[in-house]
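Written out below as structure tokens is the structure these notes cover.
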Amino acid sequence: MKNRIQVLQRRFKSLGIANFLISRLSNIRWLCGYTGSNGILLVTGRDAYFITDGRYKNQAHEQVKNAHVFIYEPYKSMAESFIRELKINKEINFRGRVGIEALWMNVNFAEHFKSVFPKSDLISTENVVEDLMMVKEKSEITSIRKAVEISDRVLAEVLPMVKPGITENDLSAEITYLHKKYGAQKDAFETIVASGHRSALPHGIASGKKIEKGDIITFDMGCFVDGYPSDMTRTVVLGKATAKQREIYAIVKESQAKAVEAIKPGRKCYEIDSLARKIISDAGYGDKFTHGLGHGLGVEVHSKPALSGLSKTTLKSGMVVTVEPGIYIEGWGGVRIEDDVIVTEDGCEVMNKSPKELIEL
Ligand code: ZN
Ligand code: ZN
């Protein structure tokens, strides 16, 4: 792992800041390697300081790279302890502009900081570290690839378990179990198993509903390996598919394939979204595709760049995105197909190997 803190420091000039307080945990993780659930990182022009509480003492000393580690005392707030440490440390000068992550900074912390360092200016920023993370390093892609392989293997093992009477929750529990059994740390998000009319819910997490013959079933599943996720959706039918199920499936499949075909360096994210959306709109279901085409995949399952109509980001080699069009018809059901895709030098590579033909179980 290269020194990512230095990569951030090189951005200070253009951001017009002298120091940067990082509070989003996934950004802290990416910058210095810490995986715990509490902490804050200060990056100065020349150095970096990380603070967390006593529960993470050993972990922080083991994991944190390229930053000094402070552990704060029990019964004192993080803001109070960290700010006191910063005050004692004469190397740090807070007379200048201090960047903060506007979407993640705790208001209490910011107010306390301001009262102790009245000469500092807190400057709101957005997506500074998130932007640095978009193009993946080789090791990050290796981890995502492993996670994708595990999810492919798990789905292949779970599909034969789909029988009338089994519940969505039963299937989701099997997915969680098998993810871990095959080496994942945990599920990347709460598994979606949405059957029959419930498949019309784009985020229908598994319920106690029993699977019935004729149900269309959406599986949206993923797992973490070394802190990096997979995220895959497949839609299947229990029994023989109806003409309508085939029709909707074929439209989504074509939309997904056309989007993947178009992904290459230099394309804008919104162009890929609109290509996929056009196929669904031309088929008459434009208003049933109710979300963006996909999202970046990184230390957060939903990372940058978004493959959405709003994103003007240009695709670059090394970015990893999901491609997941869907059609959702209330009272009838829905279909979504999702793959994880790496942008390569001259196009892209779909990592998932799970079949995309309509599977009738
Ligand atoms: Zn998904
Ligand atoms: Zn997704």
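What follows is calculated from the coordinates using simple rules that are stated; it is not laboratory data. Just so it is clear, the structure is predicted and the values come from calculations on it, not from any experiment. Don't worry about glycine lacking a Cβ; one is built from the backbone with ideal geometry, like all the others, and counts go over all protein chains shown.
222 nm [θ] for the chain, helices only, -39500 (n - 2.57) per DSSP H run of 4+, per residue, to 500? Write out the running numbers ahead of the final one.
On the way: 11 runs with 120 residues, N = 361.
Rounded to the nearest 500, it is -10000 deg cm²/dmol.
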To the nearest 10 degrees, the tilt of helix 243-262 (Cα long axis) against the first principal axis of the alpha carbons of the chain is 40
The size of the Cβ-based charge dipole (Lys, Arg +1; Asp, Glu -1) of the range 157-244 about the Cα centre, to the nearest 20 debye, is 360
Length gained, Lys264-Ile205, 0.36 nm per residue minus C-alpha separation, equals 18.0 nm
Taking 0.36 nm per residue of separation between His68 and Arg95 and subtracting their Cα-Cα distance, the length gained on full extension comes to 7.6 nm
Given Cβ charges of +1 for Lys and Arg and -1 for Asp and Glu, the option among Ala259, Met105, Gly284 whose Cα lies farthest towards the positive end of the dipole of the chain is Met105
Here the percent of antiparallel bridges among DSSP beta bridges lying wholly in the range 1-147, to the nearest 5, is 40
Measuring from its Cα centre, the range 105-158 shows a charge dipole (+1 at each Lys and Arg Cβ, -1 at each Asp and Glu Cβ) which, in debye to the nearest 20, is 160
Per 10 angstrom bin, beginning at 0 and ending with the bin that holds the maximum distance, the Cα pairs of the chain fall in percents of 5, 23, 27, 21, 15, 7, 1, 0
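Write down the Kirkwood hydrodynamic radius of the range 4-133, to one decimal in angstroms, obtained as one divided by the mean of 1/r over all alpha carbon pairs.
On the way: mean 1/r = 0.0686 Å⁻¹.
Computed over Cα pairs of the range 4-133, the Kirkwood hydrodynamic radius comes out at 14.6 Å.
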Taking only C-alpha positions in the range 161-288, Rg and Dmax in angstrom work out to 16.5, 49
One finds, for Glu330 and Asp282 with R0 = 22 angstrom and r their Cβ-Cβ distance, a FRET efficiency to the nearest 0.05 of 0.55
Tilt, helix 269-282 to longest principal axis of the chain (alpha-carbon atoms), in degrees rounded to tens, equals 20
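Could the peptides 310-323, 132-145, 111-124 be put in order, highest first, of the mean number of other beta-carbon atoms found within 10 Å of their residues?
Numbers: 310-323: 19.6, 132-145: 17.0, 111-124: 14.5.
The densest-packed peptide leads the list: 310-323, 132-145, 111-124.
Relative contact order for the chain using alpha-carbon pairs under 8 Å, separation at least 6, rounded to a whole percent?
Values: 793 pairs, mean separation 50.1, N = 361.
For the chain, the relative contact order is 14 percent.
Hand me the GluC sites (Glu not before Pro) from the range 30-95 located in a DSSP loop with no more than 10 other Cβ atoms within 10 Å, in residue order please.
Here the sparse-neighbourhood loop sites are Glu91.
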Within the range 212-252, DSSP-loop trypsin sites (Lys or Arg not before Pro) with at most 16 other C-beta atoms within 10 Å are Lys213, Lys240
Here the equivalent ellipsoid of the range 238-299, derived from its Cα gyration tensor, has semi-axes (largest first, whole Å) of 24, 14, 11
Extension length gain for Ser274 and Lys13 (0.36 nm per residue less Cα distance), in nm, is 90.4 nm
For the range 138-360, the dipole about the Cα centre with charges only on Cβ (Lys and Arg +1, Asp and Glu -1), to the nearest 20 debye, works out at 120
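Could you check what % of the DSSP bridge pairs in the chain are antiparallel, to the nearest 5?
Details: 41 of 56 bridges.
So the antiparallel bridges in the chain amount to around 75 percent.
If R0 is 35 Å, what FRET efficiency do you get for Leu103 and Ile141 from their C-beta distance, rounded to 0.05?
Working: r = 26 Å, r/R0 = 0.75.
About 0.85, to the nearest 0.05.
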Nearest-0.05 FRET efficiency for Asn58 and Leu361 at R0 = 56 Å, using Cβ-Cβ distance, is 0.70
For the range 249-361, the percent of all C-alpha pairs falling in each 10 Å bin, from 0 up to the bin holding the max distance, is 15, 49, 30, 6, 0
With Cα coordinates, the longest principal axis of the chain makes an angle with the long axis of helix 78-88, in degrees rounded to 10, of 40
